[in-house]
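Below is one structure, written out as structure tokens; comments come after it.
The values are calculated or read from the model by the stated rules, or taken from the named source; none is laboratory data. Computed from a predicted model, the values in this text were never measured in an experiment. Reconstructed Cβ throughout: ideal geometry from the backbone, glycine too, with neighbour counts over all protein chains shown.
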Amino acid sequence: MTVFREITQDLLSPRVVPALLQGIILAVLLVVLEVSFASIIFDAHLSQFTMTAAGLTIFGAVVMNLVVGLRSAFKGMTCIPQDAPAAILAGSVGALVGSMALVPAGEQFVTAVALLALTALVTAACFGLIGRFRLSNLARYMPYPVAGGFLAGTGALLAKGGLGVMTGIPLGPDTLSAYLAPDAVFHWLPGVVYAGVTFALLKRWAHYLILPLSFVLAMVLFLIGFALSGATMAQAQASGWFPEGLPGGGIWPAVFPRDLLSVRWSPLISRIPDILTVTFISLIGMLFNVSGIELGANQEIDLDHELKVSAAANALAGAGGSYVGYDVLSLSLLGVKTGLSSRLVALFGAGICACVLFLGAGILAWFPKPLLGGMVFLIGLFFLDDWLVASWRKFTPVDYGILLSILGFILVLGFLEGIGLGLILTVIIFIFRFSRVPVIASEQTGADVRSRRERPIPDRALLRENGHLVWIYRLTGYLFFGSANRVAGTISERLQKETPLPGYVILDLSAISGYDISAVNTFQRIAQQAAARGISLLFTAVPDTFFGLLERNCAPETLASVQRFQDADSGLQWCEDRILAEEHARLHSEDSEGTQRKDALLHLVADELDAHLQEMESVEALVEALEAYGESVKFAAGTDLLEQGQEVEGLFLILWGSVSEYTRDAEGREKRKRSLGPGHVIAPLAGLRRFQARTTARAETDVAAFFISRERMRRLEAESPETAVVLLKRLVEKTG
């Protein structure tokens with residue numbers, strides 16, 4: 001269903017009435033919130049332009065809700081210029097105005113508006129790129145306590161800014177005494193009481209009507225008190241009770257294209273770090289809010305799509321002078337809580353706000369500043385409650401300490417410094433915790449695992465006896481200095497504890513996902529330790545660039561003990577061959593030790609040799625029975641019996657020698673799958689049906705085999721079913 005058809009159906013259905021009512025509630029909230037956010041940004045330094053700036057923020061709310069209402073995949077989504085960016089922009093605008101002290105106020109305001117618009121445009125570009133390339137999951141790598149520290153700091157700045165809106169005095173160490181003056185207390189106390197009572201009510205009953213009704217009730221009581229005081233509006237505005245500087249008629253546009261000529265670009269460019277900070281915080285806020293909406297609505301939401309929608313909304317809002325916005329958690333779930341899921345709510349809300357924007361600006365003059373500041377203070381309380389109070393029970397002491405550290409930096413030094421600390425802590429946490437992820441998937445010795453090469457029974461016994469001479473480490477994950485040092489530490493500790501020392505250490509890198517240069521340096525140290533102890537270090541399935549860096553960094557004497565193989569099986573076979581060569585040399589020595597070793601080996605393998613002889617007797621008997629149905633064939637070492645992909649006409653029964661099967665990948669690289677010896681069957685299915693070889697079978701030694709074609713196999717089944725049953729039984733037993 002198209003969006004237009006969906007909206008048309010809702011307009012013609014009974015849903016239109018509750019949607020209109022919710023739209024009115026939404027519009028009231030949006031106007032109050034956006035006027036409050038404009039106040040926190042401008043009241044401290046450009047208070048005469050606060051209501052003009054409110055036109056920009058309300059315009060942003062109108063545009064964002066229109067775009068999101070039409071394009072979001074979640075029907076109830078609401079998007080507005082947000083509180084967290086406003087808290088950061090308040091400090092940024094203050095610093096900007098402070099650097100332009102000799103510039104006329106009008107030019108200061110226009111430059112400040114350009115700053116706001118740039119935050120929306122830069123964030124739009126960031127959101128759009130992340131959504132376009134589906135990179136939203138990267139934002140989820142931000143450690144939870146670090147994100148919590150940013151948001152707790154945002155809450156503290158909002159509460160601080162709310163007090164500034166109420167009194168007109170920026171809160172700081174040098175202004176604390178001014179806040180205790182009777183006139184100042186009289187200004188901030190009503191707003192703090194309003195925020196405290198509303199906070200308590202919403203904590204007890206989380207109903208969507210409490211916030212708008214509480215504001216309307218407080219506003220009515222305030223206006224009654226104002227009427228009883230006998231003061232004029234001009235007097236109240238001069239005393240800081242009501243906003244001043246409202247233009248006649250509409251409040252948008254607040255600036256025009258010709259005003260761009262008045263923008264002071266040099267001080268504006270110096271605020272680029274603040275713009276990037278706002279973008280960063282907005283991305284975190286967007287991620288948290290959409291994740292919360294998913295949980296609250298029990299509906300999966302495509303974050304990449306929502307980022308692209310929000311990018312379009314911010315681009316249009318920024319073009320009109322608004323600052324950055326993103327999806328709102330509480331207001332977006334309004335439809336879920338009331339059972340009304342319709343795009344009309346956002347669209348009606350945007351339409352009513354547009355009427356205020358273009359026609360009813362005069363109503364904003366009646367919003368008491370203590371209540372506007374109280375609304376900002378209330379939002380700050382919710383941030384602090386979520387991330388400073390409730391998180392105490394959710395976080396470990398270390399994580400909570402990280403959160404408090406970032407909060408302290410933000411309050412004492414500033415938000416940008418808090419961001420810097422957060423990024424440093426993110427890196428430290430990542431390194432510490434990622435280093436603790438096991439990178440050694442398994443530790444084995446040659447006694448636990450053997451290569452796939454088929455070997456004589458005495459050699460198998462010798463390898464079992466000397467398996468402790470081969471250590472095998474299979475590594476996984478990403479190798480960087482933290483994880484690589486854990487590998488080095490494990491090997492070093494084992495070398496110090498175990499005796500005798502191994503002759504070979506295999507590091508299998510087939511399962512790693514990547515590496516950095518620091519990991520190469522760590523493995524260089526492992527190679528040096530191995531060379532110093534006379535141990536051969538084998539790297540298997542190692543990337544070319546990794547081994548190339550290792551070769552360039554290692555001394556020649558260290559490289560002499562380093563070997564490289566395509567896979568772990570090839571490396572293990574190389575170790576076995578050298579162990580067997582040494583053992584064979586000892587067995588063939590003419591001294592008494594050689595004789596004793598031969599006798600011990602014969603005693604060790606006597607039972608296995610007896611079983612093997614019986615097996616060979618059964619093979620010879622079977623071949624004798626099959627003589628009329630097949631033929632003996634011989635292959636020299638290195639010859640292929642069949643190739644991968646070849647149409648095979650029959651099966652091979654190995655009589656003596658060793659055959660290895662290899663698989664070949666798309667790039668033509670071969671990997672040994674297994675080794676087969678006497679009594680094993682190659683391509684067994686080829687004796688029963690048409691068959692295409694899945695592997696290449698290659699003679700490792702000279703080989704003799706008995707070949708039975710598919711046609712002769714059928715004749716065997718017809719003429720000698722008893723012999724066919726014996727052969728089929730062997731096919732089942734010896735094909736694996």
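Looking at (1) surrounded by 13 or more Cβ atoms within 10 Å (Cβ to Cβ); (2) without any contact (Cβ under 8 Å) to a residue 12 or more places away in the chain; (3) of a type in the set (S, T, N, Q), which is the one condition that is false for Q573?
(2)
Residues checked against (1) in contact with an Asp or Glu (Cβ under 8 Å, 6 or more places away or on another chain); (2) of a type in the set (S, T, Y):
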{"site": "R5", "(1), (2)": "no, no"}
{"site": "S72", "(1), (2)": "yes, yes"}
{"site": "I80", "(1), (2)": "yes, no"}
{"site": "A84", "(1), (2)": "no, no"}
{"site": "M100", "(1), (2)": "yes, no"}
{"site": "V103", "(1), (2)": "no, no"}
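With the condition kept exactly as written, say whether any residue in segment 538-559 is in a helix (DSSP H, G or I), over 42 Å from the mean Cα position of the chain (by Cα) and without any contact (Cβ under 8 Å) to a residue 60 or more places away in the chain.
Filtering segment 538-559 for residues in a helix (DSSP H, G or I) gives 544-553, 556-559.
Going one step further and asking which of them are over 42 Å from the mean Cα position of the chain (by Cα), we end up with 557.
With without any contact (Cβ under 8 Å) to a residue 60 or more places away in the chain added as a condition, the list becomes 557.
Within segment 538-559 (the criterion being in a helix (DSSP H, G or I), over 42 Å from the mean Cα position of the chain (by Cα) and without any contact (Cβ under 8 Å) to a residue 60 or more places away in the chain), the answer is yes, since at least one residue qualifies.
Going through L609, L580 one at a time, which residue ends up being surrounded by fewer than 17 Cβ atoms within 10 Å (Cβ to Cβ), in contact (Cβ under 8 Å) with a residue 24 or more places away in the chain and not in a strand (DSSP E or B)? So that I can check it myself, show each step before the final result.
Details: L580 fails: surrounded by fewer than 17 Cβ atoms within 10 Å (Cβ to Cβ).
It is L609.
Answer yes if at least one residue in segment 131-143 is modelled with pLDDT of 85 or more and either part of a helix (DSSP H, G or I) or under 30 Å from F242 (Cα atoms) (or both), and no otherwise.
Yes: segment 131-143 contains one or more residues that are modelled with pLDDT of 85 or more and either part of a helix (DSSP H, G or I) or under 30 Å from F242 (Cα atoms) (or both).
Are there any pairs, at least 6 apart or on different chains, whose C-beta atoms fall under 7 Å, with the first in segment 296-320 and over 25 Å from T57 (Cα atoms) and the second assigned to a helix (DSSP H, G or I) and of a type outside the set (G, A, S), and if so, which?
G296/V336; A297/V336; E300/E294; I301/V290; I301/I293; I301/E294
In segment 321-354, which residue that is among the hydroxyl-bearing types (S, T, Y), surrounded by fewer than 20 Cβ atoms within 10 Å (Cβ to Cβ) and in a helix (DSSP H, G or I) is modelled with the lowest pLDDT? Break it down into steps so the answer makes sense when it comes.
Of all residues in segment 321-354, those among the hydroxyl-bearing types (S, T, Y) come to 322-323, 326, 330, 332, 338, 341-342.
Okay, now just the ones that are also surrounded by fewer than 20 Cβ atoms within 10 Å (Cβ to Cβ), so 330, 338, 341.
Add one more test, that the residue is in a helix (DSSP H, G or I), and what stays is 330, 338.
On the way: S330: 65, T338: 54.
Applying the filter and picking the extreme gives T338.
Which residue is modelled with the lowest pLDDT, if the candidates are limited to segment 400-420 and must be out of contact with any Gly (no Cβ under 8 Å at 6 or more places or on another chain) and not aromatic (F, W, Y)?
Taking segment 400-420 and keeping what is out of contact with any Gly (no Cβ under 8 Å at 6 or more places or on another chain), we get 400-401, 408, 412-413, 416-417, 419-420.
Among the residues that remain, those that are also not aromatic (F, W, Y) are: 401, 408, 412-413, 416-417, 419-420.
Working: G401: 87, G408: 89, V412: 84, L413: 82, L416: 68, E417: 77, I419: 71, G420: 78.
Ranking the candidates gives L416 first.
Given the condition at pLDDT 85 or above and not in a loop (DSSP other than H, G, I, E, B), answer yes or no: does some residue in segment 421-441 qualify?
Step one: filter segment 421-441 for residues at pLDDT 85 or above, giving 439-441.
The next check asks that each one be not in a loop (DSSP other than H, G, I, E, B); those that pass are 440-441.
Looking through segment 421-441, at least one residue is at pLDDT 85 or above and not in a loop (DSSP other than H, G, I, E, B).
Residues that are under 51 Å from the mean Cα position of the chain (by Cα) and in the same structural domain as R712 (by TED's automatic domain parsing): does segment 606-625 have at least one?
Residues of segment 606-625 under 51 Å from the mean Cα position of the chain (by Cα): none.
No, segment 606-625 has no match at all.
Restricting to segment 667-706, name every residue that is in contact (Cβ under 8 Å) with a residue 60 or more places away in the chain and among the hydroxyl-bearing types (S, T, Y).
Listed by number, the residues that qualify are S675, T701.
Kindly evaluate T119 against the criterion of being farther than 20 Å from S36 by Cα, part of a helix (DSSP H, G or I) and of a type in the set (S, T, N, Q). Talk me through it step by step, then tell me what you get.
Details: farther than 20 Å from S36 by Cα: no; part of a helix (DSSP H, G or I): yes; of a type in the set (S, T, N, Q): yes.
No, not satisfied.
Determine if segment 54-64 includes at least one residue that is among the hydroxyl-bearing types (S, T, Y), part of a helix (DSSP H, G or I), farther than 15 Å from S322 by Cα and assigned by TED's automatic domain parsing to the domain that holds T277.
First pass over segment 54-64, keeping only residues among the hydroxyl-bearing types (S, T, Y): 57.
Subset that is part of a helix (DSSP H, G or I): 57.
Retained after the next criterion (residues that are farther than 15 Å from S322 by Cα): none.
Scanning segment 54-64 turns up no residue that is among the hydroxyl-bearing types (S, T, Y), part of a helix (DSSP H, G or I), farther than 15 Å from S322 by Cα and assigned by TED's automatic domain parsing to the domain that holds T277.
Return the only residue of L157, L176, L163, L213 being in a helix (DSSP H, G or I), modelled with pLDDT under 85, surrounded by 19 or more Cβ atoms within 10 Å (Cβ to Cβ) and of a type in the set (A, V, I, L, M, F, W, C).
L157
Look through segment 223-267, keep the residues that are of a type in the set (F, W, Y) and within 30 Å of A117 (Cα to Cα), and return whichever of them is modelled with the highest pLDDT.
So in segment 223-267, the residues of a type in the set (F, W, Y) come out as 226, 241-242, 252, 256, 265.
Keeping just the survivors that are within 30 Å of A117 (Cα to Cα) gives 241-242, 252, 256, 265.
Numbers: W241: 83, F242: 79, W252: 81, F256: 84, W265: 91.
The qualifying residue modelled with the highest pLDDT is W265.
Show the residue pairs meeting these rules: Cβ distance below 9 Å; 6+ apart or different chains; first residue within segment 652-666 and more than 25 Å from Q614 (Cβ to Cβ); second residue at pLDDT 90 or above and basic (K, R).
Listed pairs, sorted by first residue: S660/R698; E661/R698; Y662/R698.
For H45, work out the one condition from (1) within 30 Å of N298 (Cβ to Cβ); (2) surrounded by fewer than 23 Cβ atoms within 10 Å (Cβ to Cβ); (3) in contact with a Gly (Cβ under 6 Å, 6 or more places away or on another chain); (4) not hydrophobic (A, V, I, L, M, F, W, C) it doesn't fulfil.
Unmet condition: (1).
Could you say which residue among F74, F37 is outside any helix (DSSP H, G or I) and within 35 Å of the chain's Cα centre (by Cα)?
Working: F37 fails: outside any helix (DSSP H, G or I).
When all the criteria are applied, what remains is F74.
Do we find that E417 is charged (D, E, K, R), under 26 Å from the mean Cα position of the chain (by Cα), loosely packed, with under 14 Cβ neighbours inside 10 Å and more than 30 Å from L29 (Cβ to Cβ) in this structure? Walk me through it before giving the result.
Values: charged (D, E, K, R): yes; under 26 Å from the mean Cα position of the chain (by Cα): yes; loosely packed, with under 14 Cβ neighbours inside 10 Å: yes; more than 30 Å from L29 (Cβ to Cβ): yes.
Against the criterion (charged (D, E, K, R), under 26 Å from the mean Cα position of the chain (by Cα), loosely packed, with under 14 Cβ neighbours inside 10 Å and more than 30 Å from L29 (Cβ to Cβ)), E417 qualifies.
In the list S561, S510, which residue meets the criterion of being of a type in the set (G, A, S) and touching a strand residue (DSSP E or B) at 6+ places or on another chain (Cβ under 6 Å)? Break it down into steps so the answer makes sense when it comes.
Numbers: S510 fails: touching a strand residue (DSSP E or B) at 6+ places or on another chain (Cβ under 6 Å).
Just one listed residue meets the conditions, S561.
Considering only residues that are assigned to a strand (DSSP E or B) and touching a residue at least 40 places away in the same chain (Cβ under 8 Å), which ones fall in segment 452-481? Give the steps one after another, and end with the answer.
We begin by selecting, within segment 452-481, every residue assigned to a strand (DSSP E or B); these are 470-479.
If the condition is that a residue be assigned to a strand (DSSP E or B) and touching a residue at least 40 places away in the same chain (Cβ under 8 Å), then V470, I472, R474, G477, Y478, L479 are the ones that fit.
Determine whether segment 222-239 contains at least one residue that is outside any helix (DSSP H, G or I), in the same structural domain as E107 (by TED's automatic domain parsing), aliphatic (A, V, I, L, M) and within 47 Å of the chain's Cα centre (by Cα).
Keep residues of segment 222-239 that are outside any helix (DSSP H, G or I), which gives 230-232, 239.
Next, from what is left, pick out any that are in the same structural domain as E107 (by TED's automatic domain parsing): 230-232, 239.
Subsequent filtering for residues that are aliphatic (A, V, I, L, M) retains 231.
Within this subset, residues satisfying the condition of being within 47 Å of the chain's Cα centre (by Cα) are none.
Among the residues of segment 222-239, not one is outside any helix (DSSP H, G or I), in the same structural domain as E107 (by TED's automatic domain parsing), aliphatic (A, V, I, L, M) and within 47 Å of the chain's Cα centre (by Cα), which makes the answer no.
Here are some residues: A511, A484. Which one is more than 30 Å from S92 (Cα to Cα), part of a helix (DSSP H, G or I) and outside the structural domain of A87 (by TED's automatic domain parsing)?
Values: A511 fails: part of a helix (DSSP H, G or I).
Result of the check over A511, A484: A484.
Confirm whether V449 is at pLDDT below 90, aliphatic (A, V, I, L, M) and not in a helix (DSSP H, G or I).
The answer is no for V449.
Do the conditions hold for L501, that is, is it closer than 30 Å to A600 by Cα and either more than 38 Å from the chain's Cα centre (by Cα) or outside any helix (DSSP H, G or I) (or both)?
The answer is yes for L501.
With the condition kept exactly as written, say whether any residue in segment 428-443 is over 30 Å from A488 (Cα atoms) and in contact (Cβ under 8 Å) with a residue 12 or more places away in the chain. Walk me through it before giving the result.
The initial filter retains those residues of segment 428-443 that are over 30 Å from A488 (Cα atoms), namely none.
No; the residues of segment 428-443 include none that is over 30 Å from A488 (Cα atoms) and in contact (Cβ under 8 Å) with a residue 12 or more places away in the chain.
What is the residue count in segment 251-270 for residues that are of a type in the set (G, A, S), assigned to a loop (DSSP other than H, G, I, E, B) and more than 21 Å from M51 (Cα to Cα)? Don't jump to the end; show me each part of the working.
Going residue by residue through segment 251-270, those that are of a type in the set (G, A, S) are 254, 262, 266, 270.
Cutting the leftovers down to assigned to a loop (DSSP other than H, G, I, E, B) gives us 254, 270.
Subsequent filtering for residues that are more than 21 Å from M51 (Cα to Cα) retains 270.
Total meeting the criteria: 1.
Evaluate the following for V732: is it of a type in the set (A, V, I, L, M, F, W, C) and farther than 23 Å from R460 by Cα? Working first, answer last.
Values: of a type in the set (A, V, I, L, M, F, W, C): yes; farther than 23 Å from R460 by Cα: yes.
The answer is yes for V732.
Does segment 179-210 hold any residues that are of a type in the set (S, T, Y) and either in a helix (DSSP H, G or I) or not assigned by TED's automatic domain parsing to the domain that holds I41 (or both), and which are they? Steps first, answer last, please.
Start the filter on segment 179-210 by keeping residues that are of a type in the set (S, T, Y), which leaves 179, 194, 198, 208.
Hits for segment 179-210 are Y179, Y194, T198.
What are the pairs with Cβ atoms under 6 angstrom where one residue, in segment 344-355, is over 18 Å from F4 (Cα atoms) and the other, located anywhere, is modelled with pLDDT of 85 or more and hydrophobic (A, V, I, L, M, F, W, C)? Sequence gap at least six, or different chains.
From residues that are over 18 Å from F4 (Cα atoms), the pairs are C353/I58; C353/A61; C353/V62; A354/V62.
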